Amino acid sequence: MSSCKQVRFINDLFCKLRPGMPLMALHGQIHQLKRMAIYDRFCQSNRAVLFATDVASRGLDFPEVNWVVQLDCPEDANTYVHRAGRTARFENAGESLLVLLPSEEEGMIRNLHDKKIPIEKIDV
């Protein structure tokens with residue numbers, strides 16, 4: 001997500017739903033030591049959900065991520081790749097879903113197409 005406030009809100013919302021698996025939030029307004037503890041806990045979990053800002057898209061090595069869901073349009077194709085790339089670490093495969101508003105769709109699809117990033121549109 002694009003803001004710390006969004007991450008906190010979505011994490012709180014899902015926590016109230018009690019999904020039966022660990023939920024964690026990672027964003028830039030969390031002190032570094034606590035961010036490191038959240039990162040370690042997520043990496044050690046067999047299954048968990050991590051809600052995050054772009055603080056988690058670069059520089060952190062998540063060993064196994066099956067899904068990345070992007071709820072905010074990235075600023076460009078490179079940002080998309082860094083976010084989605086969390087699923088493709090060390091020859092592992094994964095899935096990525098990018099949720100776009102109709103007003104964001106044309107520009108982002110063109111941007112991804114120009115970078116030769118394969119995408120498949122799903123109408124909900």
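Would you work out if the stretch 19-70 is rounded, prolate or oblate? Take a ≥ b ≥ c from the square roots of the eigenvalues of the alpha-carbon gyration tensor; rounded if a/c is under 1.5, else prolate when a/b is larger than b/c, oblate otherwise.
In terms of gyration-tensor shape, rounded.
Given the rule -39500 (n - 2.57) for each run of at least 4 DSSP H residues, summed and divided by the residues of the chain, what is its mean residue ellipticity at 222 nm, to the nearest 500 deg cm²/dmol?
Counting only the DSSP helices, I get -12000 deg cm²/dmol.
Which of Q29, T53, L97 sits closest to the plus end of the dipole of the chain, meaning its Cα is farthest towards the positive end, when Lys and Arg get +1 and Asp and Glu get -1 on the C-beta?
Of Q29, T53, L97, it is Q29.
Roughly how many debye, to the nearest 20, is the charge dipole of the chain about its Cα centre, given +1 on each Lys and Arg Cβ, -1 on each Asp and Glu Cβ, and no other charges?
Numbers: 16 positive and 16 negative charges, 120 e Å.
It works out to roughly 580 debye.
Rounded to whole Å and sorted largest first, what semi-axes of the equivalent ellipsoid does the C-alpha gyration tensor of the stretch 16-124 yield via the square root of 5 times each eigenvalue? All intermediate terms of the calculation are to be shown ahead of the outcome.
Working: eigenvalues 132, 46, 42 Å².
Over the Cα atoms of the stretch 16-124, the ellipsoid semi-axes are 26, 15, 14 Å.
Using a 7 Å offset from the Cα along the Cα-to-Cβ direction at both N66 and L17, what is the distance between the two label points in nm, to one decimal?
Going by the 7 Å Cα→Cβ label model, 1.6 nm.
Counting only protein heavy atoms and a 1.4 Å probe, tell me what percentage of the stretch 1-57's accessible area is made up of carbon and sulfur.
For the stretch 1-57, the apolar C and S fraction of the accessible surface comes to 56 percent.
Given S2, L17, Q70, which one lies farthest toward the positive end of the charge dipole of the chain, if we put +1 on the Cβ of every Lys and Arg and -1 on the Cβ of every Asp and Glu?
Checking the options against the dipole of the chain, the answer is L17.
Pop out the ³J(HN,Hα) list for the stretch 26-43 in order, Karplus 6.51 cos²θ - 1.76 cosθ + 1.60 with θ = phi - 60°, rounded to Hz; leave Gly and Pro as x.
9, 7, x, 8, 8, 4, 3, 5, 5, 4, 5, 5, 5, 4, 4, 4, 5, 5
When ligands, DNA and RNA are left out and all protein chains stay put, how many square angstrom of accessible area per residue does the chain have with a 1.4 Å probe? Before the final figure, lay out the partial values.
Details: 8790 Å² over 124 residues.
The answer is 71 Å² per residue.
What does the charge count near N111 come to, summing +1 for each Lys or Arg and -1 for each Asp or Glu among other residues with Cβ under 15 Å from its Cβ? Let's see the in-between values first.
On the way: positive: R83, R110, K115, K116, K121; negative: D72, E75, D76, E104, E105, E106, D114.
For residues surrounding N111, the net value is -2.
Mind listing which GluC sites (Glu not before Pro) in the stretch 28-124 are in a DSSP loop and have 14 or fewer other Cβ atoms within 10 Å?
E64, E75, E91, E120
Scan the stretch 1-53 for trypsin sites (Lys or Arg not before Pro) in coil per DSSP, keeping those whose Cβ has at most 13 other Cβ atoms within 10 Å, and list them by number.
Numbers: sites: K5, R8, K16, K34, R35, R41, R47; in loops: R47.
The qualifying sites are R47.
What are the lysines whose alpha-carbon lies under 27 Å from the alpha-carbon of K5, with same-chain residues fewer than 8 places away excluded?
K16, K34
The values are calculated or read from the model by the stated rules, or taken from the named source; none is laboratory data. Every value quoted in this text rests on a predicted model; they were computed, and no experiment measured them. Glycine also receives a Cβ, built like all others from the backbone with ideal geometry; neighbour counts cover every protein chain displayed. Ligands, DNA and RNA are stripped out before the accessible areas are found, and what is left, the full protein with its side chains, is counted by its heavy atoms. Shrake-Rupley method; radii C 1.70, N 1.55, O 1.52, S 1.80 Å.
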